[in-house]
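Please read the structure below before turning to the comments.
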Amino acid sequence: MPKIIFILADGTRQEIDANVGDTVLDGARAGNVPLAGACMGSMVCCTCRVEVDSAWLAKLPAPEPREEAALESICEATETSRLACAIKITEDLNGLIVRIP
Ligand code: FES
């Protein structure tokens with residue numbers, strides 16, 4: 001199971017074992033990580049926005065148009081922002097580090 005590392009807003013590090021095929025948001029929920037995800041993955045709320053560690057950013061597949069549009073239009077996105085509900089967990093993402101703003 002790939003490990004996903006969340007850095008919470010207060011700097012606390014929370015590590016979870018995630019299922020391949022789930023999203024990072026699914027993993028956060030299963031691991032009791034405080035990440036809202038109010039629209040349940042519909043990509044309209046931005047409450048699952050995370051900042052991806054710069055070393056990992058290039059390893060993620062590029063955002064699909066729907067995620068990109070949400071990031072540009074409704075999220076206060078930075079260059080490292082992604083939606084946790086749009087990142088599918090793969091074995092290659094073992095050790096992924098994301099920060100919760
Ligand atoms: S859960 Fe709402 S945008 Fe991801």
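What follows is calculated from the coordinates using simple rules that are stated; it is not laboratory data. Everything numeric in this text was worked out from a predicted model, so none of it was measured. When we count neighbours, we look across all protein chains shown, and the Cβ atoms used for this are built from the backbone with ideal geometry, even at glycine.
Would you pick out the residues in region 71-101 that are β-branched (Val, Ile, Thr) and either loosely packed, with under 14 Cβ neighbours inside 10 Å or farther than 14 Å from Asn19 by Cα (or both)? Ile74, Thr78, Thr80, Ile97, Val98, Ile100 - these are the residues of region 71-101 that are β-branched (Val, Ile, Thr) and either loosely packed, with under 14 Cβ neighbours inside 10 Å or farther than 14 Å from Asn19 by Cα (or both). Out of Ala36, Ala69, Ala9, I need the residue that is under 12 Å from Ile100 (Cα atoms), within 12 Å of the ligand (Cβ to nearest atom) and either touching a residue at least 60 places away in the same chain (Cβ under 8 Å) or of a type in the set (A, V, I, L, M) (or both). Which one? Being under 12 Å from Ile100 (Cα atoms), within 12 Å of the ligand (Cβ to nearest atom) and either touching a residue at least 60 places away in the same chain (Cβ under 8 Å) or of a type in the set (A, V, I, L, M) (or both) holds for just one of Ala36, Ala69, Ala9, which is Ala36. Of the residues making up region 48-70, those that are surrounded by 15 or more Cβ atoms within 10 Å (Cβ to Cβ), touching a helix residue (DSSP H, G or I) at 6+ places or on another chain (Cβ under 9 Å) and not β-branched (Val, Ile, Thr) are Cys48, Arg49, Trp56, Leu60, Pro63, Glu67, Ala70.
Return the residues of region 56-101 that are of a type in the set (Ser, Thr, Tyr) and closer than 15 Å to Ile5 by Cα; say none if nothing qualifies. Show your work before the answer.
Applying the first criterion (of a type in the set (Ser, Thr, Tyr)) to region 56-101 yields 73, 78, 80-81, 90.
Result: Thr90, single match.
Selection of region 27-46 for residues being buried (at least 18 other Cβ atoms within 10 Å of the Cβ), touching a helix residue (DSSP H, G or I) at 6+ places or on another chain (Cβ under 6 Å) and more than 21 Å from Gly11 (Cα to Cα) yields only Met43. Taking residues in region 78-90 that are polar (S, T, N, Q), and partners anywhere that are part of a helix (DSSP H, G or I), the pairs with Cβ atoms closer than 7 Å and at least 6 places apart or on different chains are Thr80/Ser54; Thr80/Leu57; Ser81/Leu71. Restricting attention to region 45-60, the residues that are near the ligand (Cβ under 6 Å from one of its atoms) and over 12 Å from the mean Cα position of the chain (by Cα) add up to 1.
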